[in-house]
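Scroll down for the structure; my scribbles are underneath it.
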Amino acid sequence: MTFTGRHFLKELDFTVAEWNSLLELSAELKAAKKERRQQPLLAGMNIALVFEKTSTRTRCAFEVAAHDMGAHATYLDPSGSQLGHKESVADTAAVLGRYFEGIQYRGFDQSVVEELAAHAGVPVWNGLTDQWHPTQALCDMLTIREHATRPLDEVAIAYVGDARSNVGNSVLVGSAMMGLDVRMVSPGPLQNSAEVVESARAVAAETGARVTVTDDLAAVEGADFVYTDIWVSMGEPKEIWAERIELLRDYQVNADLMARTGRADAKFLHCLPAFHDRRTTIGEQIFTEFGLDGIEVTDEVFGSPASVVFDQAENRMHTIKAVMVATLT
């Protein structure tokens, strides 16, 4: 399939066949790296990494992927450009498009990455916005493909916790595109918006996926994969913690919840970073104030054989590499 010159802004911009094609390319590029036969397919190219929100995995994945493919990456941190401050998004896009063959944006509203794409004249890739996280969803689906023990149309994934988020939206739509039995398990105020659910159901009508949105933890029964994310996202005020913990305390992924799947081979997924112990500033603060040793997931689950979170993190690099190669060659 031809992706040359296209943007990568959200899952819904792609057909099911295109989405699966990107996964196939990801798997091939991953194998090529492991077998030391990769080629510098982006030699001589330059990419810009525009970060209004900081990141470990997204930045490192893009930089290593670019280097592997022979491209040079320029990192612009939250204070490293005039984007939206002294220079409009449109003007910044027009300038960067003259310097770089591709632009990654990680920031806030989806409208910003959409505006960059409209004015850059080169492919723009969404490294995260408040609404969507497509590079995460692509790596999630590659990880599921690698660890599934049943045909994908028989595989169930239960996302447990705060689903009204970029990761929750992308997991729902990305899973629907794969034809999975996807269950979004959240208290009512934190469920995906009606618009996102409607979009996922439209995709499911094509792929045969099953979409469930519920507050009932019984929905994890039979799940092959249990996925969660942090309960308070970047940019949200600290004061939100008490409210979120009140809503989500029963939705923590712990040994009892994993046992409710009824599957000894059920796997645990998390996009990271995870608050699974007290060895972070926030983790210690939450323990002191709320008595939670581990927040959205316990250390017991996070460090168990069921956890494939570091395979998932590695796959950020391979899938991002596929997005760049597909859109730049």
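Every number in this text was worked out from the coordinates using simple rules, so none of it is lab data. Owing to the predicted nature of the structure, the values given are computational and were not obtained by experimental measurement. For neighbour counting, all protein chains shown are included, and Cβ atoms are generated from backbone atoms with ideal geometry for every residue, glycine included.
Expected output is a single nm value to one decimal: the length gained when fully extending between Tyr75 and Asp91, i.e. 0.36 nm times separation in residues minus the C-alpha distance. What is it?
The Tyr75-Asp91 span can extend by a further 3.9 nm.
I need Lys10, Lys321 ordered by Cβ neighbour count within 10 Å, fewest first.
Sorted ascending by nearby Cβ count, the order is Lys10, Lys321.
So which lysines can Lys86 reach, going by Cα to Cα under 19 Å and dropping same-chain residues fewer than 8 places off?
Lys53
Any chance you could check the Cα centroid distance between the stretch 56-116 and the stretch 263-329 for me, in angstrom?
Here the answer is 25 Å between Cα centres.
For Ala32 and Asp311 in one chain, what is 0.36 nm times their gap in residues minus the Cα-Cα distance, to one decimal in nm? Could the numbers behind the result be given before it?
Details: separation 279, 0.36 × 279 = 100.44 nm, distance 1.67 nm.
Full-extension gain reported as 98.8 nm.
For the stretch 49-158, which trypsin sites (Lys or Arg not before Pro) pass both filters: DSSP loop (anything but H, G, I, E, B) and at most 10 other C-beta atoms within 10 Å?
Sites meeting the loop and neighbour criteria: Lys86.
I need Cys271, Cys139, Cys60 ordered by Cβ neighbour count within 10 Å, fewest first.
Arranged by neighbour count, lowest to highest, Cys271, Cys139, Cys60 become Cys60, Cys271, Cys139.
Taking the stretch 203-302, which GluC sites (Glu not before Pro) meet the DSSP loop condition and have no more than 16 other C-beta atoms within 10 Å?
Values: sites: Glu206, Glu221, Glu239, Glu243, Glu246, Glu284, Glu289, Glu296, Glu300; in loops: Glu221, Glu239, Glu296.
Here the sparse-neighbourhood loop sites are Glu221, Glu239.
Between Glu236 and Ala205, what is the label-to-label distance in nm when each label sits 7 Å out along the Cα-to-Cβ direction?
3.2 nm
Zone of Asp153 (label point 7 Å along Cα→Cβ, backbone N under 19 Å): which residues in the stretch 189-224?
Output list for this probe position: 201-212, 224.
For Arg164 and Ser111, compute 0.36 nm times the residue count separating them, minus their Cα-Cα distance, and round to one decimal in nm.
Gain in length upon complete extension: 17.3 nm.
Which aspartates and glutamates, on any chain, are close to Lys34 with Cα under 16 Å apart, when same-chain ones fewer than 8 places away are left out?
Here the aspartates and glutamates satisfying the reach criterion relative to Lys34 are Glu24, Asp68, Glu146, Asp311, Glu314.
Under 1.5 on a/c is rounded, so check that first for the stretch 153-270, then, if it is not, pick prolate when a/b is larger than b/c and oblate when it is not; a ≥ b ≥ c are the square roots of the alpha carbon gyration tensor eigenvalues.
oblate
Go ahead and run the numbers for FRET between Arg98 and Asp216, Cβ-Cβ distance against an R0 of 56 Å, rounding to 0.05.
0.60
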